[in-house]
Amino acid sequence: MNQVIYQDPQNNAIRASNFKKLETDCPFGGLGIKMVGSGEEVYFLNRRRYSVKAGDYMIGNSFTRSVVQINSQEQVNGLCIDLSPDLIREVVEGSGRTQSVQSDYLLSDQFFVNRYSVHNTILGKLLLQIHHRLHSWDLKNDLLKNELFYRLAEGILADQFLVVEQLNKLDFKKKNTNEELLRAVLEAKSLMDARIVDPLSLDFLAKQVGISKYHLIRLFKQVLGITPYQYQQKIRLEQARDAIRDGMDVSTAAFVYGFTDVSAFSKAFKKRFGASPGFLRKSNF
């Protein structure tokens, strides 16, 4: 079942889908977003295979050749959003970022097609809101629907600004090589985000993304500015801080977020945030 939630004359659209079995062409309109709310969808885009699971999404444009397959015992629900070329051009021109991310790039065959997680992008946070609240919103309200589509375009633009920056940090001669290596780095980052408390090994990450351990460390630092270990520590500390703010005691936070003891946790926490976790718990800074 494919349900049109909203569509306007400019071809901005939101659709919800529910299928157990499906195999069909899946075009991206304008600049399109395909998000999986539950289950798994398999996309074949531009000769690449992407397994898109709950909480993942793809972005493509009218040049993206796509086939989607669903084969599940349970209903797989998804969200499809199309943003019109005119809307994308308007947001790019109004953002002041035309020198770094041009609408011609976003809408061209040069666009970087990739899978992302809702948990580590600006657009992803908005997609989560839409997925949970879609049926309670009155999209007939002109102010609401315009605000929603502009926010989606802004989210894509902000995220793609970072992607373009990251691509520019890779200095291999071939564009395809740079894109493949960036996909590997972003996939490793996504795996770490999804399993931040697990003791992931460098061997595991390297095998999952298909490059050597040394190459992964070097490229990760080149693209993101820090090593995989430093990134893991950064995210663990940020999530531990949020958990303590929500009432978790310090010793539990240290254990849950993978630190060997409270002393090591407190030392790392103070180095990152300039205050001890105990001070945070008392003052809620």
Among (1) closer than 16 Å to Ala13 by Cα; (2) hydroxyl-bearing (Ser, Thr, Tyr); (3) surrounded by fewer than 16 Cβ atoms within 10 Å (Cβ to Cβ) - the single one Ser62 does not satisfy: (3)
Residues of region 33-81 that turn out to be among the charged types (D, E, K, R), under 17 Å from the mean Cα position of the chain (by Cα) and over 22 Å from Gln208 (Cα atoms), as a count: 1
Answer residue from region 164-174, given it is in contact (Cβ under 8 Å) with a residue 12 or more places away in the chain and part of a helix (DSSP H, G or I) and is surrounded by the fewest Cβ atoms within 10 Å (Cβ to Cβ) among those: Glu165
Qualifying residue in region 195-216 (condition: surrounded by fewer than 17 Cβ atoms within 10 Å (Cβ to Cβ), of a type in the set (Asp, Glu) and under 16 Å from the mean Cα position of the chain (by Cα)): no
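Of these, Phe161, Phe149, which one is farther than 24 Å from Gly210 by Cβ, touching a residue at least 60 places away in the same chain (Cβ under 8 Å) and under 15 Å from the mean Cα position of the chain (by Cα)? Break it down stepwise before answering.
Details: Phe149 fails: under 15 Å from the mean Cα position of the chain (by Cα).
Every option except Phe161 fails the conditions.
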Filter result (touching a residue at least 24 places away in the same chain (Cβ under 8 Å), outside any helix (DSSP H, G or I) and within 21 Å of Leu167 (Cβ to Cβ)) within region 182-238: Gly210, Ile211
Pick from region 129-146, criterion closer than 14 Å to Val36 by Cα and free of Cβ contacts under 8 Å to residues at least 12 places away in the same chain, ranking: surrounded by the most Cβ atoms within 10 Å (Cβ to Cβ): Gln129
Single residue of region 1-17 satisfying the filter (buried (at least 17 other Cβ atoms within 10 Å of the Cβ) and touching a helix residue (DSSP H, G or I) at 6+ places or on another chain (Cβ under 8 Å)) that is farthest from Asn146 (Cα to Cα): Ala16
Selection from region 80-102 of residues that are surrounded by fewer than 20 Cβ atoms within 10 Å (Cβ to Cβ) and under 21 Å from Asn168 (Cα atoms): Ser95, Gly96, Arg97, Thr98, Gln99, Ser100, Gln102
Selected residue [at pLDDT below 95, buried (at least 20 other Cβ atoms within 10 Å of the Cβ) and not aromatic (Phe, Trp, Tyr)] from Val118, Val36, Val76: Val118
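Given the condition free of Cβ contacts under 8 Å to residues at least 24 places away in the same chain, of a type outside the set (Ser, Thr, Tyr) and under 30 Å from Arg183 (Cβ atoms), answer yes or no: does some residue in region 272-284 qualify?
No, every residue in region 272-284 fails to be free of Cβ contacts under 8 Å to residues at least 24 places away in the same chain, of a type outside the set (Ser, Thr, Tyr) and under 30 Å from Arg183 (Cβ atoms).
Test Glu41 against the stated conditions and say whether it is over 20 Å from Val91 (Cβ atoms), among the charged types (D, E, K, R) and either surrounded by 22 or more Cβ atoms within 10 Å (Cβ to Cβ) or touching a helix residue (DSSP H, G or I) at 6+ places or on another chain (Cβ under 7 Å) (or both). Full working, then the answer.
Values: over 20 Å from Val91 (Cβ atoms): yes; among the charged types (D, E, K, R): yes; either surrounded by 22 or more Cβ atoms within 10 Å (Cβ to Cβ) or touching a helix residue (DSSP H, G or I) at 6+ places or on another chain (Cβ under 7 Å) (or both): yes.
Answer is yes for this residue.
The values are calculated or read from the model by the stated rules, or taken from the named source; none is laboratory data. Just so you know, these numbers come straight off a predicted model, no measurement behind them. All Cβ positions, glycine included, derive from the backbone under ideal geometry; neighbour counts span all protein chains shown.
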